[in-house]
1. Over all distinct Cα pairs, what is the inverse of the mean 1/r for the protein assembly as shown, reported as the Kirkwood hydrodynamic radius in Å?
2. Of all alpha-carbon pairs in region B:105-167, indicate the percentage at a distance above 19 angstrom.
3. One quarter of the convex hull surface, Cα atoms only: what value does that give for region A:265-304 in nm²?
4. Among B:142, B:275, B:65, which one shows the biggest mean-square fluctuation in a GNM of chain B, springs joining Cα atoms closer than 10 Å?
5. Within 10 Å of each Cβ of A:196-206, how many other protein chain Cβ atoms are there on average?
6. Can you tell which of A:259, A:224, A:272 shows the greatest fluctuation in a Gaussian network model of chain A with Cα springs below 10 Å?
7. By count of other Cβ within 10 Å, fewest leading, how are A:300, B:144 ordered?
8. Could you work out which residue, out of A:96, A:169, A:290, moves most in a Gaussian network model of chain A, that is, has the largest mean-square fluctuation with Cα springs under 10 Å?
């Protein structure tokens, strides 16, 4: 097992010298909830401004569009990131629908189960959609009274599902009607089964998607980590050399798996979900190349 | 493959002579939605009144209690059925929680994701419950504002989930909090992924249950067909001889599987979910002993 913990200045410098492209997960790496992790601004500034590295922020959170993500970065004091450095699962899904599924922007529509982050990215890509946060879908479902049910739209070519705090029977029932058409594509933003909310776990995108997969007896194509569709989009969009790229994340089964599947090097930070015990557990088969207590340690080691 | 299609008077008479006990699924066999299937009253009257057969109606529909089922039978003109001839999954679940899980009726509670049929059967069994159709769970979920979230109840010992037309993020999030306690049992009424509504399919109980199973990373114990818990309860309650019993249903993977697992003979009717192609598909490994276009054909064949 070839794995090193970065604990000295020499190791930190050697690590940074190997890579031009740094892909970062956000929650558990850059921030935890709404709090920035220590020395994050310093290391990001150093990487971008002094070393001129290419930074890409890769998140499975689809509830925000890249615009909204940018606002979060700015609110936390990170002002030197721009929109094209952010790659979240709603954006990845919009790209996938646009570039891979090649929907006709004049005539085709997407039925969305998800929130405004998804709607924002579809709008920006010029893709027509229905559903999403439409309040008519908040009404209790009845076959007779649902406008959506009574007017199923033949131009829907894709169902796109992600985390939806407005999920209800109405949305599931309409989603199912479209998924029963074999020609309709089924795309999901990501399949995380839960997400952390302070000390609680709440149902994640995977919960809604599994519900839809169960009633439709279909499998969705996931655009989030660790699915390689997302990696392919990033590589294409940023034209990066994977041999000079590293994926930094706090989850073995999404971030590190994603990096490894994509052929990148990987750095696990212990400031989020996974611990050192998880790495060396006999049940773990996803071993990062490097690990470190937190991202900011790279800055501290180099400047000590 | 030993399978016969019943198409002649001789076959129909031979079929009926073999059995004393007829277990019927309801939807797709007796009725479709709110419409009785042709010649159903005639065949049921003939079986019960003239041939003195034992009829048992076995349904995975948990949205109605047995009382409400009886009303539906009467509304459709079937007046000769009584409550103890009805065995649905909400009743089976209440029995399971009462007799197998042995909940303490004074101190324990069930958190219900499901409708008033479940609530009715739990009430009749004297089991305390929360959740279900409680309108506070219809509110949009927020950690801070949810009374259910802010007052998680330590006396909840079981989560019981079934088809819930009121399913929403709020109910999923509260269900998850209870399921994250390893000592809480996870029971489901049935796992049908869809149910027919006229010419449409709508998401079934299995949709909600898979959602809960996904976020909690747990498996539920199902009390509906094809689970043998239900068959054991029926055999015990009605003291039937399985060698003289036949299960009649419209679904291979629930009704027919249920009959076969229980050691009964099986009759598939093609008036519901499954078609002749499904029976002979190479993916199908659940082959009924008999099949017929619809239940009423037995009457027509015998009286032609």
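Bear in mind that the values in this text are calculations on the coordinates, not laboratory data. Note that the structure is a prediction, hence the values are computed from the model and not measured. All Cβ positions, even for glycine, are placed from backbone atoms using ideal geometry, and neighbour counts span all protein chains on display.
1. Final number for the Kirkwood radius of the protein assembly as shown is 26.7 Å.
2. Roughly 31 percent, once rounded to a whole number.
3. Hull-based average projected area comes out at 3.1 nm².
4. Most flexible of the set in this elastic network: B:142.
5. Numbers: counts 0, 2, 1, 0, 6, 6, 9, 11, 2, 0, 3.
For peptide A:196-206, the averaged partner shielding equals 4.
6. Of the options given, A:272 has the highest mean-square fluctuation.
7. With the sparsest Cβ surroundings first, the list reads B:144, A:300.
8. Sorting by GNM fluctuation, first place goes to A:169.
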